[in-house]
Amino acid sequence: MNYEAIFILGPQGSGKGTQARMLAQTLNFFFWETGAILRKNADVITSSGECAGDILKTGRLFTDEELLSVVKKELEHLPHKGGIVFDGIPRRIGQAEFLLGLLQSRGVKKFATIFLDIPKDESRKRLFLRAEQEGRVDDAREAIERRLADYESNTVPMLDVLKQRTDFFTIDGHPSIEEVKKGVWSALGII
């Protein structure tokens, strides 16, 4: 396996966070969890002049420019050596182009994308179940529908950028966590 940056993507509820975390641990790569990165950089003044923490508190989505100002700052502090597994970014075409360009400017040459594929109905079902079990505020019915609509209108078109500029692997996200993991590892050449 010779990838230096791996993007784990899929609809909400597809298990991308779980798979990304396990993959990063296995490879000893930096695990980039966008939500945690934003919370860690709550004091960063974004391109809009607002503090990242204030945007998080209001619950509104970061614009591409606001998000990328935090991403750029965080990437500057990561060591140049060692790989990265990204969970939760990119979600839009502008984010993908910016992130790929920034990583290439840091010497990263080999990219992979793992797309965990589940249908919209399965995504919705998993998110409702998670909301019941964990009581997550971001999994309220209205928020779920808004996130799924945003995914369809912004993330799905962005996948074409990654299909052109990374090694792109589609993995069935239906089976158990362990079965999905085997599919991910096989695609990346780990096993």
**Item:** Residue pairs meeting the criteria (Cβ under 6 Å; at least 6 apart or on separate chains; first of a type in the set (Phe, Trp, Tyr), in the range 113-124; second in a strand (DSSP E or B))
**Value:** Phe115/Leu9; Phe115/Thr170
**Request:** Could you please find all residues in the range 129-139 being at pLDDT 70 or above, surrounded by 13 or more Cβ atoms within 10 Å (Cβ to Cβ) and out of contact with any helix residue (DSSP H, G or I) (no Cβ under 6 Å at 6 or more places or on another chain)?
**Result:** none
**Request:** Any chance you could count how many residues in the range 89-131 are assigned to a helix (DSSP H, G or I), touching an Asp or Glu at 6+ places or on another chain (Cβ under 7 Å) and closer than 26 Å to Lys182 by Cα?
**Result:** 2
**Request:** Kindly list the number of the only condition in (1) surrounded by 15 or more Cβ atoms within 10 Å (Cβ to Cβ); (2) in a helix (DSSP H, G or I); (3) without any contact (Cβ under 8 Å) to a residue 40 or more places away in the chain that fails for Phe62.
**Result:** (2)
**Item:** Filtered residues of the range 161-184 (kept if free of Cβ contacts under 8 Å to residues at least 60 places away in the same chain, out of contact with any strand residue (DSSP E or B) (no Cβ under 8 Å at 6 or more places or on another chain) and not in a loop (DSSP other than H, G, I, E, B))
**Value:** Gln164, Glu178, Glu179, Lys182
**Request:** Return only the number of the condition from (1) at pLDDT below 90; (2) surrounded by 20 or more Cβ atoms within 10 Å (Cβ to Cβ); (3) under 21 Å from Ala187 (Cβ atoms); (4) of a type outside the set (A, V, I, L, M, F, W, C) that Pro11 does not satisfy.
**Result:** (1)
**Prompt:** Only one of these conditions is not met by Leu78: (1) touching a residue at least 40 places away in the same chain (Cβ under 8 Å); (2) within 30 Å of His174 (Cα to Cα). Which number is it?
**Reply:** (2)
**Message:** Tell me the residue from Gln95, Gln164 that is modelled with pLDDT under 95 and closer than 24 Å to Asp64 by Cα, please.
**Reply:** Gln95
**Complete:** Looking across the range 29-59 at residues that are of a type in the set (S, T, N, Q) and either over 26 Å from Thr113 (Cβ atoms) or more than 18 Å from the chain's Cα centre (by Cα) (or both), the single one that is surrounded by the most Cβ atoms within 10 Å (Cβ to Cβ) is Thr46
**Prompt:** Residues of the range 92-112 being free of Cβ contacts under 8 Å to residues at least 40 places away in the same chain and charged (D, E, K, R), which ones?
**Reply:** Arg106
**Request:** Look at Ala96 and say whether it is within 29 Å of Glu76 (Cβ to Cβ), buried (at least 16 other Cβ atoms within 10 Å of the Cβ) and aliphatic (A, V, I, L, M).
**Result:** yes
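The values are calculated or read from the model by the stated rules, or taken from the named source; none is laboratory data. Computed from a predicted model, the values in this text were never measured in an experiment. FYI the Cβ positions are ideal-geometry reconstructions off the backbone, even for glycines, and counts take in every protein chain you see.
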